[in-house]
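Q: Could you have a look at this structure, given as structure tokens, before my questions?
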Amino acid sequence: RDFQQADMDHLSRWKKWKRTSSKSLKKGLSEVKGLSSYLVLWRHDIHSIEEKFGTGIQSYFSFLRFLVLLNFIIFILMFSFITLPIIISKYGIFNSTIVNISPKNTEVNCTIYEPSGNKGLVYFYTYLKDLLSGTGFLEVTSLFYGYYTIDAAWISIMRYNLPLAYLLATFAYLALSLIWLLKRSVEGFKQNLVHDADPFQSYCNKVFAGWDFCITDPNAARLKHRSWQCELQTDLQEEKLKQKIAERTMEEKLRIYSLRIFINIIVLAILSGFFYSIYRVTVFSQENSNVSIRNNTRTDLVNLLVQYLPSIVITLANFIGPLIFSFLIRFEDYTPAFEIKLTLMRCVFLRLANIGVLLFSLWSQISVCGTDKCKPCGYNYKLYPCWESDVGQEMYKLMIFDFIIILAVPLFVDFPRMLLVTHSSCKLVQWFGLQEFGISDNVLEIIYGQTICWIGTFFAPLLPAIATIKYFIIFYIKKISLIHTCKPAARPIRASSSNFFFLVLLIGLILAFIPVGVSIARIPSSKACGPFRNFNTSWGVIPDTILEFPAGLQQVLFGMASEAFAVPFFMIICIVMFYFIALAGAHKRVIEQLREQL
């Protein structure tokens with residue numbers, strides 16, 4: 001510091017002021033960053049969970065916080081660019097008006113859409129049924145696609161193209177989710193490099209270089225102690241299992257590999273049974289619920305049960321499947337970290353494939369039908385006059401039913417179980433013990449719900465608002481359940497597994513691209529509702545908008561969409577990718593050399 005001060009004496013006034021200002025700015029930014037950390041959502045709650053239950057369970061709650069923020073931003077995006085312009089136009093704010101264009105060159109039958117909105121005197125249970133199923137008064141609100149039957153809005157002197165805004169907002173929320181998830185997934189690679197080091201180096205890092213000497217608060221010190229204790233327990237447990245695996249004889253290896261093959265065959269058989277059940281139930285539900293609504297031949301309760309049948313079967317499959325997988329994986333003799341990953345992958349495949357089977361069943365009803373039914377409109381307009389709203393209702397029902405189950409399990413299963421274990425001396429009850437907080441099961445619940453939200457947002461633009469409220473409530477439910485009704489995991493779990501959560505969520509997002517992409521590009525849009533009723537498909541608004549551009553810009557854009565541009569672009573991308581793969585290999589070799597030197 002004395003040397004720097006002496007150096008300052010020889011500087012000009014301008015350089016002195018510049019250096020002083022730079023230091024003051026850095027100090028100010030550092031203080032602002034420190035203060036902003038206190039504004040982080042659930043900061044204190046997550047730190048207390050980490051202190052009591054370790055970094056593994058803390059990573060689940062951090063993951064939940066990430067989804068709350070993501071859904072809130074998606075809701076702001078969809079509301080600002082789709083719902084808000086319509087609200088402004090309908091109420092004439094800023095001298096705004098709505099432009100409705102009648103469908104062109106369309107059969108009259110295709111334009112008939114009569115939502116089952118409630119009229120006259122309505123009983124309370126009817127509102128409750130509508131709230132659960134998304135029909136009735138909810139069907140005609142801004143929650144669903146069918147509400148946005150507007151071609152443009154004039155806000156003051158500006159024409160707002162709603163169909164284009166609707167499609168671009170859809171691309172924007174998917175792109176935002178992808179970029180944010182990739183960023184969070186990449187952040188974990190540095191930690192993985194440290195964890196992949198040899199055990200001796202890992203222990204040296206923890207014992208000699210693990211302590212943060214900036215810690216002065218006793219509570220923070222206690223938290224750090226417990227965090228390192230959990231980490232060392234995990235390391236010792238994994239080393240013990242690795243030693244056991246290394247000492248296996250050839251006979252034991254043959255036995256365990258044969259058992260794993262047999263268990264995987266059982267898993268495939270279970271998955272096939274679930275998928276076929278969902279397909280049959282969805283077809284039955286769609287055919288019978290539509291017929292019963294038109295003929296009014298069933299009671300409201302039976303209609304609600306028929307409409308919820310796919311959601312009930314999917315939820316049962318999601319509940320039974322992980323229990324079977326968790327039981328089977330005990331016989332496969334993997335490490336705790338790999339057990340979580342494999343169970344997650346199996347359960348993710350089950351849950352996400354269930355959604356895929358449901359959507360495939362719906363599309364088979366919407367687009368694959370007799371020639372007479374589909375010829376005038378390109379889709380089954382008799383059963384699905386506004387098929388986008390119907391798909392949105394299915395996604396809405398899945399989300400609501402999933403939320404009800406998440407609420408019901410702690411209240412009607414975990415809490416009574418805790419009371420029995422605490423106040424009963426029965427040996428059978430004590431053998432069952434308290435519920436263990438299963439990270440993989442809880443992560444799967446929210447990944448499944450988030451995938452539904454991504455798929456459903458195109459068909460129900462305000463679905464992210466429901467998802468935000470849902471995850472906000474789930475945080476407190478899970479926190480209360482963890483503290484009062486659960487016991488710590490029998491085997492410690494490494495926090496770095498949380499990076500794997502984002503990779504699994506990325507799989508859910510990629511799966512969401514497929515149904516949304518098919519709905520936009522392949523299936524004819526409804527002619528009776530929605531912003532795309534004047535286009536053959538939702539994608540049709542893009543070339544239609546490009547035709548309004550100057551001729552030179554049109555040629556550039558259409559040229560970029562042609563094969564002449566796509567093939568060289570793909571080749572350049574491949575060359576760049578191979579370059580980065582080679583660069584990564586070179587970096588890996590340097591890292592190995594540095595490790596040897598260390």
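The values are calculated or read from the model by the stated rules, or taken from the named source; none is laboratory data. No experiment lies behind these values; they were computed from the predicted model shown. Please note: Cβ atoms are built from the backbone with ideal geometry, for glycine as well, and neighbour counts cover all protein chains shown. Just the protein is used for accessible areas: all its heavy atoms, side chains included, with ligands, DNA and RNA removed. Shrake-Rupley method; radii C 1.70, N 1.55, O 1.52, S 1.80 Å.
Q: Give me the residue from segment 305-342 that is more than 22 Å from F284 (Cα to Cα) and hydroxyl-bearing (S, T, Y) and, out of that set, modelled with the highest pLDDT.
A: S326
Q: Being under 27 Å from I542 (Cβ atoms) and at pLDDT 85 or above narrows it down to one residue among F565, F578, F558, F570; which is it?
A: Numbers: F565 fails: at pLDDT 85 or above; F578 fails: under 27 Å from I542 (Cβ atoms); F558 fails: at pLDDT 85 or above.
Among F565, F578, F558, F570, only F570 is under 27 Å from I542 (Cβ atoms) and at pLDDT 85 or above.
Q: Let me ask something else. For segment 421-441, name all the residues that are in a helix (DSSP H, G or I) and among the aliphatic types (A, V, I, L, M).
A: Across segment 421-441, the qualifying residues are V421, L428, V429, I439.
Q: Between a residue in segment 198-216 that is under 12 Å from D235 (Cβ atoms) and any residue that is surrounded by fewer than 10 Cβ atoms within 10 Å (Cβ to Cβ) and at pLDDT below 70, which pairs come within a Cβ distance under 8 Å, given they are 6 or more apart or on different chains?
A: Taking only residues 6 or more apart or on different chains, not a single pair turns up.
Q: For residues that are in a loop (DSSP other than H, G, I, E, B) and within 29 Å of E114 (Cβ to Cβ), tally how many sit in segment 519-560.
A: The number of residues fulfilling the criteria is 16.
Q: Give the number of residues within segment 235-260 that are among the basic types (K, R), open to solvent by 100 Å² or more (accessible area, probe 1.4 Å) and over 21 Å from F327 (Cα atoms).
A: Our first condition is that a residue be among the basic types (K, R); within segment 235-260, this holds for 240, 242, 244, 248, 253, 255, 260.
After this cut, where a residue has to be open to solvent by 100 Å² or more (accessible area, probe 1.4 Å) as well, the list is 240, 242, 244, 255.
When the remaining residues are screened for being over 21 Å from F327 (Cα atoms), the result is 240, 242, 244.
The number of residues fulfilling the criteria is 3.
Q: Restricting attention to segment 442-489, and to residues there that are outside any helix (DSSP H, G or I) and farther than 25 Å from L176 by Cβ, which single residue is least open to solvent (accessible area, probe 1.4 Å)?
A: C486
Q: Something else: Pick from Q597, Q554: which is among the polar types (S, T, N, Q) and loosely packed, with under 10 Cβ neighbours inside 10 Å?
A: The unique qualifying residue is Q597.
Q: Residues to consider are L434, L419; find the one that is modelled with pLDDT under 85 and exposed (fewer than 12 other Cβ atoms within 10 Å of the Cβ). Please lay out each step first, then the result.
A: Numbers: L434 fails: exposed (fewer than 12 other Cβ atoms within 10 Å of the Cβ).
Of the residues listed, the single one that is modelled with pLDDT under 85 and exposed (fewer than 12 other Cβ atoms within 10 Å of the Cβ) is L419.
Q: May I pose another question? Give the number of residues within segment 76-91 that are within 19 Å of T457 (Cα to Cα) and open to solvent by 70 Å² or more (accessible area, probe 1.4 Å).
A: 2
Q: Restricting to segment 114-132, and then to whatever is open to solvent by 40 Å² or more (accessible area, probe 1.4 Å) and hydrophobic (A, V, I, L, M, F, W, C), can you tell me which residue is modelled with the lowest pLDDT?
A: Residues of segment 114-132 that are open to solvent by 40 Å² or more (accessible area, probe 1.4 Å), as a first pass: 114-116, 118-121, 123-125, 127-128, 131-132.
If we keep only those that are hydrophobic (A, V, I, L, M, F, W, C) too, we end up with 121, 124, 128, 131-132.
On the way: L121: 49, F124: 65, L128: 77, L131: 80, L132: 79.
Filtering segment 114-132 for residues that are open to solvent by 40 Å² or more (accessible area, probe 1.4 Å) and hydrophobic (A, V, I, L, M, F, W, C), the one modelled with the lowest pLDDT comes out as L121.
Q: Right, next: Quick one: count up the residues across segment 6-44 that are assigned to a loop (DSSP other than H, G, I, E, B) and more than 44 Å from the chain's Cα centre (by Cα).
A: Matching residues across segment 6-44 total 3.
Q: Let me ask something else. Among the residues of segment 214-228, which ones are among the hydrophobic types (A, V, I, L, M, F, W, C) and in a loop (DSSP other than H, G, I, E, B)?
A: Listed by number, the residues that qualify are C214, I215.
Q: Residues of segment 92-113 being loosely packed, with under 15 Cβ neighbours inside 10 Å and at pLDDT 75 or above, which ones?
A: Within segment 92-113, I112 is the sole residue that qualifies.
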